[in-house]
Amino acid sequence: VIVFLDVFLQIVLFYCRYYQVVFSLGTFQNVSVPVNGSVQAVVSRIPADVAFVTLQFHTQHHNATLSFRSVPVYGSSLTAVDSGLLFPLLPSQSSLSCYLLAPDGDPVAGTGVLLPYKSTDPVPGACNLEFPLENDPNIYLRYNIYETVIRFAPANIGHARDVTPPACDVDTGSSTRWRLEYDVYQYFLPENDLSEQSLVSGIERVASVSSMEENGRKLMTLSSKDRTELSFNSIPGQGVIYSIIVRDPITNTSASYIPVHTYACSFASILDGCTTLGKISTKVFFTITGLAGLFVCFLGHRFFKCELFCMGFAFGAFFFFVLITRTTMLDYNIRLTLTAVIGVVGGVILVMTWWRFGSVMACVVVVGLILGFLVSSIVFFTPLGDLAVFRNDVVFWVTFSCIVLIVPLFFIRWPREGNITTCGIVGAYMVVLTVNAYTYTSLSYITMDILKRFLNSNFSRAFISVPLQNIDFIMITVWVVLAVSGIVVQLYRERSRPFFPPSPYVMWRQERERRKTNVLDPSHHIPSFPARLLARARQLTRHTEPAGERTPLLL
């Protein structure tokens, strides 16, 4: 009985560790890989007209290993969250198998699919000279806070099972892989949805050539002589799937590389991971910013000094954050604190400039530059920003600066109206930024893309397209309603008031000069305001003095 139980236990352990999952061509299969175990993926009844097959396996954030052998070795396996293998078929081969393993000591669950291709279809990654696999259909992705970069191996033209593959390094005209073209596609997952089911549904919608063409967004087309590396804007917390479709214009056929996804954030990070995006300091900073923006939107022109302080704060904080980020390696919270301090200094300087010199036009020009910056950022937030000509830094910054400088010119002719318009538009956008600190909205990237281009010299190569989904249309409506309401309310309230309040220092100085020069003016002989206050105070204390003391009748 003991021997029988031992044999039975060994058999159970064997099948728990090694078991088969049968795939059907073109059908998605959910697979769970146990701890320290492996799964053998098997497919049979492959049609004779199929020249090669690609297997792709996707998990949300746990690595999985695909291997041609039961024991993975370098050059025959790949470990990633989005991994794939390419199987060139022998003349009489009708079945194949490979292995899925959990490399990190944790169970892995994901979805996979095998896609067949014929002899006329191009072979993705068949001209690989950089990555481990001999035929590598994978897309390699890396990201940071600024950009997401993808790389892939060149493809080769298709060939039958019993034909030697064409040479990759020989260019003999239209009969080689140099005729191939690569279409770059992008697919956005639903906003604020970090669920695994959302990713699986997205992968199923873009895994093949036809489904990606139907659901994805084509960004550009590369020739075989272009560099096989592309940059995109990182959008932390937003799921994005990238894929490459290689086309053969001679045979009018195509094949898909293995799609790869990213959220531009880490699921393993406890402090600032995908599920905890937004630091506490950031939320506090932008909450105060949103309250200030709401105040400026409806009361900015009436309380001119407060408006100048807020605009000076934004002006100084932005450029100081760029400077300190590019020149130091300080912690984010320290940089944000120093940015807030310098922003306060900038606001005080702008207010004191108006208080001391009384030059309203100089202050309004600064306000106009802030509106110009926002308008220019909106222009480049549109598809215009992805034009190839603006990948040149000189062209981009010259165009951007021209738009920024044109806007304040309208303030010269209509200073009050321009100032109120700035209060409404900029103040409402500050409210939108506050919402982004708590939940993702694409509208924050109107200014974020410009900030990233300031901070990262290589960001000009990145595609900056972001999705506009339901919450973004809601926030656009909120922005427009707040801006229009703020402008209308302020124009109505200020219609009978002076264009701008006078400078206190200039008024005091004018009063002082008037008193010195105009002796015949009766007001010249009126005591100064502090002297009148002192006299009034003494009069009020006459009846409270101790006995025996007298108050002079003439002060």
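The values are calculated or read from the model by the stated rules, or taken from the named source; none is laboratory data. As the structure is a computational prediction, the values presented were derived from the model and not from experiment. Neighbour counts are summed over all protein chains in view; Cβ atoms, including those assigned to glycine, are modelled from backbone coordinates with ideal geometry.
Taken together, Val466, Val426, Val432 contain a single residue that is surrounded by 15 or more Cβ atoms within 10 Å (Cβ to Cβ), in contact (Cβ under 8 Å) with a residue 60 or more places away in the chain and assigned to a helix (DSSP H, G or I), which is Val426. The residues listed here are Ser444, Ser401; of these, the one that is surrounded by fewer than 19 Cβ atoms within 10 Å (Cβ to Cβ), part of a helix (DSSP H, G or I) and polar (S, T, N, Q) is Ser401.
Can you tell me which residues in the stretch 53-102 are within 14 Å of Pro259 (Cα to Cα) and either out of contact with any helix residue (DSSP H, G or I) (no Cβ under 8 Å at 6 or more places or on another chain) or not assigned by TED's automatic domain parsing to the domain that holds Val42 (or both)?
Thr54, Leu55, Gln56, Phe57, Thr59, Ala80, Val81, Asp82, Ser83, Gly84, Leu85, Leu86 - these are the residues of the stretch 53-102 that are within 14 Å of Pro259 (Cα to Cα) and either out of contact with any helix residue (DSSP H, G or I) (no Cβ under 8 Å at 6 or more places or on another chain) or not assigned by TED's automatic domain parsing to the domain that holds Val42 (or both).
In the stretch 163-183, the count of residues that are crowded, with 19+ Cβ neighbours inside 10 Å, out of contact with any His (no Cβ under 7 Å at 6 or more places or on another chain) and among the β-branched types (Val, Ile, Thr) is zero. For the criterion of being in the same structural domain as Ile425 (by TED's automatic domain parsing), among the hydrophobic types (A, V, I, L, M, F, W, C) and surrounded by fewer than 19 Cβ atoms within 10 Å (Cβ to Cβ), Leu308 fails.
All of Gly293, Gly316, Gly372, Gly358 fail the test of being modelled with pLDDT under 90, within 22 Å of Tyr445 (Cβ to Cβ) and in contact with a helix residue (DSSP H, G or I) (Cβ under 6 Å, 6 or more places away or on another chain), apart from Gly293.
Is it the case that Asp169 is outside the structural domain of Asn233 (by TED's automatic domain parsing), farther than 26 Å from Asn456 by Cβ and of a type in the set (D, E, K, R)? Judged against the criteria, Asp169 is a match. Considering the stretch 38-125, the qualifying strands (runs of 3 or more DSSP E), each wholly inside and each with 2 or more residues that are within 21 Å of His159 (Cα to Cα), run over 50-58, 82-88, 108-118. Scanning the stretch 469-499 for residues that are free of Cβ contacts under 8 Å to residues at least 60 places away in the same chain and either within 17 Å of the chain's Cα centre (by Cα) or outside any loop (DSSP other than H, G, I, E, B) (or both) yields a total of 11.
Going through Val341, Val394, Val348, Val367 one at a time, which residue ends up being closer than 30 Å to Ile476 by Cα and assigned to a helix (DSSP H, G or I)?
The unique qualifying residue is Val367.
Selection of the stretch 60-117 for residues being at pLDDT 90 or above and of a type in the set (Asp, Glu) yields only Asp82. Of the residues in the stretch 139-155, not one is outside any helix (DSSP H, G or I), surrounded by fewer than 17 Cβ atoms within 10 Å (Cβ to Cβ) and among the acidic types (Asp, Glu). For the criterion of being surrounded by fewer than 22 Cβ atoms within 10 Å (Cβ to Cβ) and outside any helix (DSSP H, G or I), Leu451 fails.
Inside the stretch 39-85, can you point out the residues that are over 20 Å from Tyr140 (Cβ atoms) and crowded, with 17+ Cβ neighbours inside 10 Å? Passing the criteria: Val39, Ala41, Val43, Ile46, Val50, Ala51, Phe52, Val53.
Residues in the stretch 231-254 that are part of a strand (DSSP E or B) and at pLDDT below 90 were compared, and the one that is nearest to Asn470 (Cα to Cα) is Asn233. Collect the residues in the stretch 342-391 that are within 20 Å of Val322 (Cα to Cα) and polar (S, T, N, Q), keeping them in residue-number order. Correct list: Ser376, Ser377.
Test Asp104 against the criterion of being touching a residue at least 24 places away in the same chain (Cβ under 8 Å) and surrounded by 20 or more Cβ atoms within 10 Å (Cβ to Cβ), and give yes or no. No; evaluated as a whole, the condition is false for this residue.
Quick check on the stretch 190-211. Is at least one of its residues free of Cβ contacts under 8 Å to residues at least 60 places away in the same chain and either in a strand (DSSP E or B) or of a type in the set (A, V, I, L, M, F, W, C) (or both)?
Yes, some residue in the stretch 190-211 is free of Cβ contacts under 8 Å to residues at least 60 places away in the same chain and either in a strand (DSSP E or B) or of a type in the set (A, V, I, L, M, F, W, C) (or both).
For the stretch 447-471, residues that are closer than 17 Å to Val435 by Cβ and modelled with pLDDT of 85 or more total 1.
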